[in-house]
Amino acid sequence: EHHQNQKELPPAVMVGPMDEDLIRQLHELDSGLMRSSFDSATARSGVAMAAEEEVGPGVIRSSPVFAPRLIEMTADERAEKSRQTVIDRLTAGDGGVSDYDVERNLREIRGILSTNQEILNRSKDSVYPGSNGFETGSPTEVTFKRISYNEVTVTSGDIFSWEPTPTSTYLVTFTAKQVFSRNAFDLAPLGELPKCLRDIIVPETKPLIFSHGQRHTAIDFESVIDRALLLHEDVQGPALSAIKRQLMDIQVLLGSIESWIIEGSSGMHFINETFGVDLSEKFDGGVQTGVGGVERVIKAKQSGISMTATFDVSVEMDRERLKRILELIDL
């Protein structure tokens with residue numbers, strides 16, 4: 001008689017006798033009024049499960065565990081989540097201080113690109129012939145050359161005379177040394193995008209052609225900018241900021257190359273101006289090869305003072321000492 005009066009329950013759920021409260025909870029869950037918990041490892045969407053609990057001899061009460069319906073994200077929600085992931089990646093290395101204004105970043109990027117190209121143009125002719133293979137283990141390394149005139153040597157020699165002189169007379173000679181040197185720089189940053197952009201933008205490349213036909217592959221950052229502007233407006237600012245940081249790093253690299261190249265020319269300008277000579281003529285208009293450098297006499301004068309010294313004209317103190325000696329012997 002008891003079984004005849006028992007109401008029919010949903011499949012997979014067993015209840016104890018006359019458990020009207022449980023029946024009410026089941027109906028509430030089915031109508032979405034109750035928030036349920038579930039075990040993701042065993043529950044299936046929309047299926048009621050049962051856990052049995054013994055509450056007395058021969059009496060079993062069931063406590064239902066329900067799996068909620070899986071809610072799929074809309075296309076807009078998924079796109080927003082993806083954009084935020086990209087933005088977080090782009091801004092991870094900026095320390096929170098970057099400016100994401102699109103127009104301002106574009107202006108600054110154009111200026112940096114222009115400056116970088118000017119530095120490259122000034123440095124191209126200083127690439128060493130056969131570069132990319134001169135004592136370097138990386139195909140992205142390029143070897144640059146420079147000519148330095150940083151050393152001036154002063155010597156004195158006796159002057160022979162048939163006529164007796166009241167004081168000794170010496171020939172004071174000033175000699176300049178030309179030193180040829182090479183240095184390899186890794187230009188890999190010119191051919192790489194920042195890591196945070198590599199799976200977002202596919203860049204075009206272009207060849208950089210140096211003197212003697214040397215080539216190096218570089219990113220065409222104009223194409224990178226154009227493609228960054230195709231991104232969602234929320235992503236454009238962080239993307240351009242990342243591009244700007246890369247270009248600034250490239251500018252530091254190019255600046256170090258140019259600084260190394262012109263270190264020697266500063267000595268050349270000082271010697272030409274101080275002694276009134278043209279070192280390019282003294283060295284026959286080109287680079288003279290020789291172990292440890294090649295020397296040429298730039299000035300000589302008779303003097304009653306004998307002296308021997310070497311000056312590094314790349315150092316301001318040595319320049320001042322050399323000028324005092326020239327004043328002393330009235331050169």
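The values are calculated or read from the model by the stated rules, or taken from the named source; none is laboratory data. Just so you know, these numbers come straight off a predicted model, no measurement behind them. Every residue, glycine among them, receives a Cβ derived from its backbone with ideal geometry; neighbour counts consider all protein chains shown. SASA here: full protein model, heavy atoms, side chains in, ligands and nucleic acids out. Shrake-Rupley method; radii C 1.70, N 1.55, O 1.52, S 1.80 Å.
A quick yes/no check of all residues on (1) under 30 Å from Ser114 (Cβ atoms); (2) not hydroxyl-bearing (Ser, Thr, Tyr):
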| position | (1), (2) |
| --- | --- |
| Ser223 | yes, no |
| Asp226 | yes, yes |
| Gly237 | yes, yes |
| Arg296 | no, yes |
| Ala309 | no, yes |
Report task. Starting from region 293-315, take each residue that is without any contact (Cβ under 8 Å) to a residue 24 or more places away in the chain and list its partners that are assigned to a strand (DSSP E or B) and open to solvent by less than 70 Å² (accessible area, probe 1.4 Å), counting only C-beta distances under 9 angstrom and pairs at least six apart or across chains. Result -> Val315/Asn150
Query raised in the report: Is it true that Gly304 is exposed (fewer than 13 other Cβ atoms within 10 Å of the Cβ) and touching a Ser or Thr at 6+ places or on another chain (Cβ under 6 Å)?
Result: yes
Report summary line: Checked region 116-125 for anything open to solvent by 30 Å² or more (accessible area, probe 1.4 Å) and under 15 Å from Glu222 (Cβ atoms); matches are Gln117
